[in-house]
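Let me begin by presenting the structure, written as structure tokens, before commenting on it.
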Amino acid sequence: MLTVLTWLWAQPDGRATYTALHVNIWADMVRRHLTLPHRLACVTDMPEGIDPSIEIIAPPRDFEDVRIPTWTDGRPQCLRRIAMFRRDAGDMFGERFVSMDMDCVIAGSLDPLFSRDDDIVLYASPGRPPDRRPYNGSMLMMTAGARPQVYDRFTPERAIAAGQRYAGSDQAWISHVLGPGEAVWDESDGVAWWGRRHEVETRLMFHPGHPKPWNLLDDPWVREHYRREPQGRGLILGYGPHVWTDAEAALETGAFDGVIASPEAAAHWPTPVTAVAQNDNEADRLADLCGFSEVVWCGRSEKVST
């Protein structure tokens, strides 16, 4: 059984904020495009809101506090993921596993990617010479226990030295230890990054840096693929002065599976909201992203473009 997992943690100074909604969307995209036997998991200590069908794996806690001084300005500090190279990784992640960043858009079958039998496959850093940045940390697949030297040789001092030669945090260390030559996925496999969206045929697109998929909901390709499966009722709380009157009437019609709200309405809603929208148009886009099969609007304040 293949484990397909992602990681969710809070980085207060991070340039992007990830939530349970992003985990759930990622999981639905994987389900739509993977027919190989698999289980879905999230490595996190923030399980609230994550779909119960996604297994929660307790974080190993290795190297969580290590920082790479060459990888600052809110960039993700991902050295905790080096735990995947532990000799006992199979006890935590399964004997064969894929780790994926959740800031991706999946548009085609993952079967050709995950049916390879190499003991490790890494995502080749797009557009970079292999001797300068061999691998990107957005995705890897491995047999548990492969390349244990990545974990065994780790020290904060060595990681800092690796960061002076290669870009990134965990990907810098992995590149430093393994060097070029490992099996990779690249554009020939349909794996690309957002900067190449107009140049390659893509089954899987990663969004390192900015923008993230949820910032691109006006893009038709992103909107088609980056979404939850249709399900449940959604309540939208907009900016209109009649929002609370509308909400009272809406709640009389039954329960809702999620709430999208303006920042002001979110501040007064008694439970956590699913997403925050800055205007009516964005709220409609987010409703599609959340996969609501029925939406009740409260406080619509502007005409929405189609």
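Each value in this text was obtained by applying a stated rule to the coordinates, not by laboratory testing. Here the structure is a predicted model, which is why all the values come from computation and not from measurement. Note: ideal-geometry Cβ built from the backbone for every residue, glycine included; neighbour counts use all protein chains shown.
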TODO: Specify whether the C-alpha gyration tensor of the stretch 2-222 places it in the rounded, prolate or oblate class, a ≥ b ≥ c being the square roots of the eigenvalues: rounded for a/c under 1.5, otherwise prolate if a/b is larger than b/c and oblate if not.
DONE: rounded
TODO: Taking the Cα centre of the chain as origin, sum charge times position over the Cβ atoms of Lys and Arg (+1) and Asp and Glu (-1), and report the length of that vector in debye to the nearest 20.
DONE: 840
TODO: Inverting the mean 1/r over all pairs of different Cα atoms, compute the Kirkwood radius of the stretch 189-306 and quote it in Å.
DONE: 15.4
Task: Distance between the stretch 207-234 and the stretch 1-36 - C-alpha centres, whole angstrom - done: 13
TODO: Would you please name the GluC sites (Glu not before Pro) within the stretch 242-290 that are DSSP coil residues with at most 14 other C-beta atoms within 10 Å of their C-beta?
DONE: 252
- [ ] Determine the percent antiparallel among the DSSP beta bridges restricted to the chain, to the nearest 5.
- [x] 30
